[in-house]
Each structure stands twice: as structure tokens, then as C-alpha cells.
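Peer 1: Quick one: this structure, given as C-alpha cells, is what I'll be asking you about.
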Amino acid sequence: MWAGRTIRGGWQAAILCGALLCAPVFAQVSSYGDKQSGENAGDQLPQVLQKVGVSQHLNQQLPLDASFVDDTGKTVRLGDYFGKHPAILSLVYYNCPMLCSEELDGLTGALEMVKLTPGKDFDVVIISIDPSETPETAAAKKAFYVKRYGRPETAAGWHFLTGQRPAIDAVTNAVGFGYVKVPGPDGKLTQFAHASSIEIVTTDGKLAQYYLGVEYSPKDMLLGLIDASGNKIGSPVANILTYCYHYDPQTNKHSLRVVRVVQFGGMVTVAGLGGFMFLMFRRDVNPARKHDLTKKDNG
């Protein structure tokens with residue numbers, strides 16, 4: 001299933017099947033064979049999500065010698081994309097049924113409003129965490145997002161990479177990107193539980209800024225790229241994470257639950273605001289009534 005929970009000051013709001021999860025979770029990559037989901041207990045996340053998260057390793061050097069295959073089938077080094085420009089780094093997997101597409105959609109939408117040019121002012125580097133994915137899959141994903149971006153002349157600035165586990169783990173460990181492999185609808189280990197984030201990387205390949213979730217501020221992204229172009233390192237951000245954890249497209253039950261949870265959350269928000277406004281209105285009205293009564297008594 002999908003799983004999520006917001007934990008703030010001891011109050012919990014459970015969000016099932018893949019929406020937002022806000023919690024200070026710091027984890028490293030766990031074994032591919034670790035697929036036990038576990039049960040929720042108190043403030044604890046399901047066991048599988050205890051090893052999933054993003055630790056912000058600001059100023060950490062990426063493994064520039066790590067070897068990958070680009071979307072044309074060419075073997076490349078991660079360092080090939082650094083030296084002249086900063087870069088935006090995203091760790092996803094291309095066959096992800098939900099969250100990764102949301103992350104790339106958010107990234108592309110934000111870049112549409114950033115007045116810089118991929119390939120000229122910065123590069124976009126997308127790395128699959130799934131070693132079974134192929135350059136053909138990466139090429140199809142690149143074509144989709146370059147078309148969505150609407151500037152085909154920038155295609156040379158978008159790099160969709162695949163690789164083997166040693167190179168993938170070298171990057172995810174440097175970034176602090178924790179994930180675990182989990183069973184898909186067929187029961188086989190074909191999907192991943194992971195968080196959503198993008199990173200701004202300096203021209204010399206050091207992590208300069210993290211942006212968490214699936215929606216990104218174009219203004220912050222622009223400032224982050226400008227700072228990273230001068231090899232400036234940013235500050236940590238609040239760990240508000242969006243998690244991806246198993247989706248069954250055959251039943252679609254998880255998506256239905258998300259809709260219901262979001263609707264319920266909206267009703268709670270409206271009710272809370274209504275109650276607050278009612279109390280404030282009464283607080284303002286009662287002194288006014290007393291003042292009017294006093295004036296009548298004096299008359």
C-alpha cells in the first residue's frame with residue numbers, strides 16, 4: 001500500500017496511499033531485499049518507510065567518476081555534466097507509477113518560469129535508481145519532458161541516465177537519498193519506496209541546495225542556480241517529504257483512498273476556519289453588546 005503520516009507536536013494525521021508526509025526522516029539506502037512493510041505504532045512510520053527519506057548533505061561532493069549510460073546509449077561519467085554550469089539533479093525511476101512523474105512535472109513546470117536555458121546556463125540531470133531500466137526507457141521519458149517543456153532546442157541540456165547499482169548507490173549515498181525496493185502488484189520486487197526531492201549542484205559537483213516535495217518555487221530555483229553557478233552553498237530546508245510507496249494500477253483502490261483523504265482534510269480545514277471565525281465574531285460582538293447595554297442603562 002501507500003503510506004504517509006504527518007507528525008507535528010504529537011498530533012498525527014494519517015494519509016494513506018501516497019500523498020504528503022511531513023516528518024523529519026533521515027535515512028540511507030537499505031537492502032534491495034528489505035520489503036517488510038510492518039505495522040504503524042504510535043508516532044512511528046511503517047517499518048519500510050523508516051529507511052526512506054532525504055538527509056541534506058550540503059557541500060557534499062558528488063561521485064563524479066560514477067559511470068552511467070545516457071539516453072542515447074552512450075557511456076558517460078557523472079562529471080561530464082559539471083565544470084561549466086550548475087545542474088539540477090533528480091533521483092527517480094522512469095517506470096514509477098505515480099510520484100516520480102509528479103516530481104518531474106513539478107520540475108518542468110517550475111523551469112518554464114525560470115528565465116535560464118538548459119544546456120546554456122545549467123543542466124538537468126535525471127538518474128534512475130532502478131538498475132533494470134534501459135536507455136530506451138530514459139530516451140522516451142526525456143522526449144516526453146522536453147516536449148512538455150516546450151523548448152526542443154534545449155534537449156542537449158536534459159540528461160536522463162541509467163546505471164548499475166554501484167554507481168546508483170554512490171550517488172544516492174552522497175545525496176542522502178534513502179530508498180527501498182518493494183513488491184509491485186504482481187508481488188515481485190519491481191517498485192521502490194522513496195521520497196521526492198531535487199537538488200541544485202554547483203559547477204564543481206557539490207550539493208548546494210535541496211528542494212523537497214513535488215512543487216518547486218521558480219524564484220527559489222532561479223536563485224539557487226545563480227548561487228550554485230558561483231559555487232555557493234545554501235542552507236538546509238524543512239524536511240517536508242512526499243513519499244512513493246507501492247501502487248496497484250489494477251484495483252486503483254489507493255488513488256480512491258487518496259481522494260477521500262484529501263476531501264476529508266479539506267472539510268476539516270473549512271470546519272476549522274469556520275469555527276475560528278465564529279469564535280472571533282462572538283468575541284467581538286459580546287463587548288459591543290455590553291457597551292450598548294451600558295449606554296442604555298445610563299440613559
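The values are calculated or read from the model by the stated rules, or taken from the named source; none is laboratory data. Because the structure is predicted, anything quoted here is derived from the model rather than measured. Quick reminder, even Gly has a Cβ in these numbers, built from the backbone with ideal geometry, and neighbours come from all protein chains shown.
Peer 1: Look at I126 and say whether it is buried (at least 19 other Cβ atoms within 10 Å of the Cβ) and touching a residue at least 40 places away in the same chain (Cβ under 8 Å).
Peer 2: no
Peer 1: Name, by its number, the condition in (1) assigned to a strand (DSSP E or B); (2) closer than 18 Å to K147 by Cβ that does not hold for I88.
Peer 2: If we test I88 against (1) assigned to a strand (DSSP E or B); (2) closer than 18 Å to K147 by Cβ, just (2) comes out false.
Peer 1: Do we find a residue being farther than 20 Å from V52 by Cβ and crowded, with 18+ Cβ neighbours inside 10 Å anywhere in region 164-183?
Peer 2: Checked against the condition, which is being farther than 20 Å from V52 by Cβ and crowded, with 18+ Cβ neighbours inside 10 Å, region 164-183 yields at least one hit.
Peer 1: Residues in region 51-101 that are among the polar types (S, T, N, Q) and free of Cβ contacts under 8 Å to residues at least 24 places away in the same chain: how many?
Peer 2: 2
Peer 1: Report yes if some residue within region 113-130 is assigned to a helix (DSSP H, G or I) and at pLDDT 95 or above; otherwise report no.
Peer 2: No, there is no match, as no residue in region 113-130 is assigned to a helix (DSSP H, G or I) and at pLDDT 95 or above.
Peer 1: Given T137, T117, which one is in contact with a Ser or Thr (Cβ under 8 Å, 6 or more places away or on another chain), in the same structural domain as L225 (by TED's automatic domain parsing) and loosely packed, with under 15 Cβ neighbours inside 10 Å?
Peer 2: After ruling out the rest, the residue left standing is T117.
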